[in-house]
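Asker: Below is the structure I would like to discuss, written out as structure tokens.
The values are calculated or read from the model by the stated rules, or taken from the named source; none is laboratory data. Nothing here was measured: the structure is a model prediction, and the numbers come from that model. Cβ placement follows ideal geometry from the backbone for every residue including glycine, while neighbour counts extend to all protein chains displayed.
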Amino acid sequence: MPGRRLSHAQALVSPFDSSVFERKRLEKLFGTYFRIEIYVPEPQRQYGYYVYLFWFGDRPAARVDLKADRAAGVLRVQSAWLEDWAGDRAGDVAGALASELHLMAGWLGLSEVAVAPRGTLAARLAPAV
């Protein structure tokens, strides 16, 4: 009988994606508490205005607040946060996330990715992009 299969998937997931939209299911299955903070006043936001989850392997490993600065041609990572379970994989997560951010930037017609120094993953992510 084969052993456990590991998923090597990685993807940025919109807050409106069906895998994220059902918040109770997301929390029950993965222990990930996620709320859209678009309507939360800025001083009360925990993670940012428009936050994407970053799926790494078989569950969310990080979250990033993204903004497309079309005038400057830059995908801005306003903040980057590592999920608690992924602490010992921060380098792997940062590298994989950097790759996905460049894919997204290209898809949006942006030439650069810039990481602001905010969040528990920002310091690891910035040199990876």
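Asker: Please verify whether region 31-40 includes one or more residues that are out of contact with any Leu (no Cβ under 9 Å at 6 or more places or on another chain) and modelled with pLDDT under 80.
Answerer: So far as region 31-40 goes, yes, one or more of its residues are out of contact with any Leu (no Cβ under 9 Å at 6 or more places or on another chain) and modelled with pLDDT under 80.
Asker: Keeping to region 54-82, report how many residues are at pLDDT 95 or above, out of contact with any helix residue (DSSP H, G or I) (no Cβ under 6 Å at 6 or more places or on another chain) and under 17 Å from Ser19 (Cα atoms).
Answerer: Counting residues in region 54-82 that are at pLDDT 95 or above, out of contact with any helix residue (DSSP H, G or I) (no Cβ under 6 Å at 6 or more places or on another chain) and under 17 Å from Ser19 (Cα atoms) gives 2.
Asker: The conditions are (1) within 20 Å of Pro15 (Cβ to Cβ); (2) assigned to a loop (DSSP other than H, G, I, E, B), and Gly109 fails exactly one of them. Which is it?
Answerer: So the condition that Gly109 fails would be (1).
Asker: Among the residues of region 70-102, how many are in contact with an Asp or Glu (Cβ under 8 Å, 6 or more places away or on another chain), of a type outside the set (A, V, I, L, M) and in a strand (DSSP E or B)?
Answerer: 3
Asker: What's the total number of residues in region 31-69 that are in contact with a Gly (Cβ under 8 Å, 6 or more places away or on another chain) and either surrounded by fewer than 16 Cβ atoms within 10 Å (Cβ to Cβ) or part of a loop (DSSP other than H, G, I, E, B) (or both)?
Answerer: Adding up the residues that qualify gives 2.
Asker: Among the residues that make up region 8-18, is at least one of them within 18 Å of His102 (Cα to Cα), part of a loop (DSSP other than H, G, I, E, B) and touching a residue at least 12 places away in the same chain (Cβ under 8 Å)?
Answerer: Looking for residues that are within 18 Å of His102 (Cα to Cα), part of a loop (DSSP other than H, G, I, E, B) and touching a residue at least 12 places away in the same chain (Cβ under 8 Å), one finds at least one in region 8-18, hence yes.
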